[in-house]
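The values are calculated or read from the model by the stated rules, or taken from the named source; none is laboratory data. All of these numbers come straight from a predicted model, not from anything done at the bench. Cβ sites come from the backbone with ideal geometry, for glycine too, and all protein chains shown count toward neighbours.
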Amino acid sequence: MCLAIPGRIIERTGTMGRADFGGLVRAVALDLLPDAEVGDVVLIHAGFAIQTVDLSMEPEIAERLIAR
Amino acid sequence: MIPAGAIESVRATLDEIVRRSAEICRRTGRDAVQIMEVCGTHTMSFAASGLRGMLPDTVRLLSGPGCPVCVTTPGDVDRAVWFARQPGVTLVTFGDMMKVPGSAGSLSDARALGADVRMAYSPADALELARGDPQREFIFLGVGFETTAPLVAATVRAAAREGIRNFSVFPLFKLVPPALRAILARRDHHIDGFILPGHVSAIIGLDPYRFVADEFGVPGIIAGFEPFDLLEALPMLLRLCRQEKAAIDIQYTRGVPAGGNPAALRILKEFFLPAEAVWRAVGAIPDSGLAFRPEYDAFNAVRKFPGMPAHDPPEPKGCLCGAILMGRILPADCPLFGAACTPETAVGPCMVSSEGACAAAYKYGLTETSRWKKSRRRQEVAVRS
C-alpha cells in the first residue's frame, strides 16, 4: 500500500506541480516537499511527492527506473 | 535488456548470501537465518521477482505486519460501513480497503446495498469531491502507515485553509516502529534481522528504528523495492547479523535520507497525537496509532458523527492471520490456507489484501511450512542427550 513511484517534476505552481512518469504526466501535490524544484526526480505516493530521489550515486539506474 | 555483467554480479551476490547465511547457521546451531520483511510491498517484490525462490534454505523470509489493509480490524471495517450508511454521506477510500470483510460484509458489499462508497487514488481527490458538492458530507477512510498519514494531514490543512466544512477523516492510521517493538517484546520471537520498509522510512528516517538494534540486539536494513535493492539488502543484513553489536543501516539511500522528510514529520505532529491502536489479529499496541489533535475535531469523522458503534467482533474462526503477521508461522501452516481461504473466498485479511502474506503465498505457490520449530526442538533434544 505504501507504493511510491519516481517521477520528474516538469512544472510547479505553488504547492501543486506536474510530474512525468516516463511519458505519463500527472498532477502532483508538493506540500510535503516544499523545496522541490522543476527537474527533481521525486517519489510520489497517492498523488503527493514524499521524498526527493538522490540521483548522485547511480544516474544510469535512476534513468532506467524513471524511463520504464 | 539485462546489462552486461549483471548475471555475474547476481550470481556473486547469491553466493555471498549462501556463504554468510550458512556461516551464521553454523554459529547459532539453527537451520536458517530468519529475516522478517516488514512491508507487504517487499513480500510481493521478493516473490514476484523470483528472488525468493533463488534463496538458499539457510535464509527464511517471514512476512511482517506491514500491510495497513491487513491490520485493519473487522470492527473498524464495520465502523467504516456504518459511516458509509449515514444519510447524506459519501465514504471515500483507497481501493485496497473495498473487499476487506467486516462482521457484516465489506465496503464493497455496502455499496452494492446502496451506500455511497467511492474509491480514490489520493486523499486530495476526496477533498475535490467535497469541494464540488457542498451539500453532501465526504468522509475519507484514513488507512495507512507513516507514508500515507502526512498526505491526509496536508489534505485536512487544505480543507481548513479553504474553509471546507463537508470533509472529514475516519483516522485508522498505524505506526510501524511500535509494532516492531510488540513483535520483539515476545522473548520467543524467531527474528534474526529485519528488512525495514522503504517508503515508511522515506518519511521517518532511520532514528525511530534504533531501539530495534540497541534494545533488542536485532539488526535491520531499510531497503528499496526493486529486485536489485533486495539483492543488495540481503548481504548487507547478513553482514550486520555477524557483527557483535547490532545496527540499523540504509540500503535505499536514493529514497531515504537518515533524517526522513522533516516537512512530513512536522505536519504529522501538527495534526495528530500518538494513540493506542488495535491491530487486526494482533491486539492493542500502545502509541501505535494517530489520533487528531482536539483542535481539528471538525475534521474528525468520529467527533462529527456521534454514535459510531464500539463493538469489536471476534476474528473469523480458524483464521491464523495474527500469528502470520507476527512472523510466528507461515501462511501454509494455516489449515484454512488454500482450502477455505483463497483470494476469491478470503477469510482473513492476509488473503484479502493483494500485498498480504497469504495472498502472496497463494499467488506464487509458496507452500513452505514452519518446520523450523520442529528442527529447533530436535536440536535442543540433541544437545540435551
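Selection of first residues in the stretch A:30-41 that are more than 21 Å from B:Ser122 (Cα to Cα) and of second residues that are buried (at least 20 other Cβ atoms within 10 Å of the Cβ), restricted to Cβ pairs under 6 Å at least 6 apart or on distinct chains, gives the following pairs, ordered by first then second residue: A:Val38/A:Ile9; A:Asp40/A:Ile9; A:Asp40/A:Thr52. For the stretch B:286-302, the set of residues classified as in a helix (DSSP H, G or I) and touching a residue at least 40 places away in the same chain (Cβ under 8 Å) consists of B:Tyr296, B:Ala298, B:Phe299, B:Ala301, B:Val302, listed by residue number. If the condition is being in a helix (DSSP H, G or I) and surrounded by fewer than 17 Cβ atoms within 10 Å (Cβ to Cβ), then the stretch B:261-280 contributes B:Pro262, B:Arg266, B:Lys269, B:Glu270.
Condition first: modelled with pLDDT under 95, more than 14 Å from chain A (Cβ to nearest Cβ), more than 21 Å from B:Arg52 (Cβ to Cβ) and not in a loop (DSSP other than H, G, I, E, B). Can you find one or more residues in the stretch B:320-330 that meet it? There is at least one residue in the stretch B:320-330 that is modelled with pLDDT under 95, more than 14 Å from chain A (Cβ to nearest Cβ), more than 21 Å from B:Arg52 (Cβ to Cβ) and not in a loop (DSSP other than H, G, I, E, B).
One residue stands out among those in the stretch A:1-50 that are within 9 Å of chain B (Cβ to nearest Cβ), among the small types (Gly, Ala, Ser) and not in a loop (DSSP other than H, G, I, E, B): the one that is surrounded by the most Cβ atoms within 10 Å (Cβ to Cβ), which is A:Ala29.
Checked against (1) outside any helix (DSSP H, G or I); (2) within 17 Å of the chain's Cα centre (by Cα); (3) small (Gly, Ala, Ser), B:Ala258 passes all but condition (2). Go through the residues of the stretch A:7-26 one by one and say whether even a single one is under 22 Å from B:Leu175 (Cβ atoms), hydrophobic (A, V, I, L, M, F, W, C) and out of contact with any Gly (no Cβ under 8 Å at 6 or more places or on another chain). So far as the stretch A:7-26 goes, no, none of its residues is under 22 Å from B:Leu175 (Cβ atoms), hydrophobic (A, V, I, L, M, F, W, C) and out of contact with any Gly (no Cβ under 8 Å at 6 or more places or on another chain).
Scanning the stretch B:179-203 for residues that are part of a helix (DSSP H, G or I) and farther than 16 Å from B:Leu265 by Cβ yields B:Ala179, B:Leu180, B:Arg181, B:Ala182, B:Ile183, B:Leu184, B:Ala185, B:Gly198.
Can you name the residue in the stretch B:314-365 that is among the basic types (Lys, Arg) and under 19 Å from the mean Cα position of the chain (by Cα) and, of all such residues, is nearest to B:Gly95 (Cα to Cα)? By that ranking, first place goes to B:Lys363. Looking only at the stretch B:197-210, residues that are within 14 Å of chain A (Cβ to nearest Cβ) and at negative phi come to 9 in all. Checking each residue in the stretch B:204-237 for being among the charged types (D, E, K, R) and outside any helix (DSSP H, G or I) picks out B:Glu215, B:Glu226. Note on the stretch B:347-362: residues that are part of a helix (DSSP H, G or I), over 22 Å from B:Leu180 (Cα atoms) and at pLDDT below 90 amount to 1. For the stretch B:248-305, a residue qualifies if it is more than 14 Å from chain A (Cβ to nearest Cβ) and at positive phi, and the qualifying residues are B:Ala281, B:Gly283, B:Asp287. From the list B:Pro101, B:Pro123, the lone residue that is in contact with a Ser or Thr (Cβ under 8 Å, 6 or more places away or on another chain) and not aromatic (Phe, Trp, Tyr) is B:Pro123. Among the residues of the stretch B:82-96, is there at least one that is within 13 Å of another protein chain (Cβ to nearest Cβ), within 22 Å of B:Phe167 (Cα to Cα) and surrounded by fewer than 21 Cβ atoms within 10 Å (Cβ to Cβ)? Yes; the residues of the stretch B:82-96 include at least one that is within 13 Å of another protein chain (Cβ to nearest Cβ), within 22 Å of B:Phe167 (Cα to Cα) and surrounded by fewer than 21 Cβ atoms within 10 Å (Cβ to Cβ). For B:Lys174, the criteria (1) under 30 Å from B:Ala84 (Cα atoms); (2) basic (Lys, Arg); (3) within 18 Å of the chain's Cα centre (by Cα); (4) surrounded by fewer than 24 Cβ atoms within 10 Å (Cβ to Cβ) hold in every case but one, which is (4). The set of residues from the stretch B:331-346 being among the small types (Gly, Ala, Ser) and either surrounded by fewer than 21 Cβ atoms within 10 Å (Cβ to Cβ) or not in a loop (DSSP other than H, G, I, E, B) (or both) comprises B:Ala332, B:Gly338, B:Ala339, B:Ala340.
To keep it simple, each residue is scored yes or no on (1) among the polar types (S, T, N, Q); (2) within 14 Å of chain A (Cβ to nearest Cβ); (3) closer than 16 Å to B:Leu325 by Cβ.
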{"position": "B:Phe173", "(1), (2), (3)": "no, yes, no"}
{"position": "B:Val176", "(1), (2), (3)": "no, yes, yes"}
{"position": "B:His189", "(1), (2), (3)": "no, no, yes"}
{"position": "B:Ile195", "(1), (2), (3)": "no, yes, yes"}
